[in-house]
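What follows is one structure encoded as structure tokens, with my remarks underneath.
The values are calculated or read from the model by the stated rules, or taken from the named source; none is laboratory data. A quick note: this is a predicted structure, and the numbers were derived from the prediction, not measured. Cβ sites come from the backbone with ideal geometry, for glycine too, and all protein chains shown count toward neighbours.
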Amino acid sequence: MRIFVHVPSQTLDILDASGALLRRYACSTSSFGLGSEPGSNKTPTGKFRIAEKHGDAAPAGMIFKSRVPTGKFGSEKDDADHVQTRILWLDGLDPENANTKSRYIYIHGTNAESLLGTPASHGCVRMGNDDIIELYDAVPVGTLVEISADAEPKRKRRVKRR
């Protein structure tokens with residue numbers, strides 16, 4: 001299993017070993033664009049792996065600070081870019097994105113679910129809170145992740161229905 005984030009469509013896919021689509025989610029990458037420069041608030045592209053997972057059993061909407069639950073919950077009315085619900089901490093595998101973990105780039109839940117499908121984050125990949133719980137439960141540490149600004153790869157289509 002692997003994860004593919006397609007920046008132009010603002011989607012995150014779970015793919016099986018053959019590349020077949022298992023599930024597609026709306027997501028948000030950075031409103032500042034793409035890049036790996038420290039302090040840029042940009043979303044890095046390339047190949048990554050999930051280095052760490054944080055948030056086991058935290059309630060949906062729980063705000064995290066430094067990967068620790070705060071006991072507070074975010075809402076759409078709050079303009080902050082909260083890290084909520086679950087965290088999949090990415091580690092860059094390419095020379096140009098090797099600083100990803102030290103930049104604290106995550107796939108995480110958000111208080112701004114109405115902005116999913118548009119570039120709106122400060123560098124991370126944001127997902128809906130229920131969606132990040134589902135993804136978190138489906139993928140282990142070490143899962144490969146690709147974030148791409150290119151056209152989507154050709155693949156077999158097999159979407160899991162709820």
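Within the range 45-67, one or more residues are over 15 Å from His108 (Cα atoms), modelled with pLDDT of 95 or more and of a type in the set (S, T, N, Q). If the condition is being β-branched (Val, Ile, Thr) and surrounded by fewer than 16 Cβ atoms within 10 Å (Cβ to Cβ), then the range 18-68 contributes only Val68. Scanning the range 1-17 for residues that are buried (at least 20 other Cβ atoms within 10 Å of the Cβ) and not hydrophobic (A, V, I, L, M, F, W, C) turns up His6, Gln10, Asp13.
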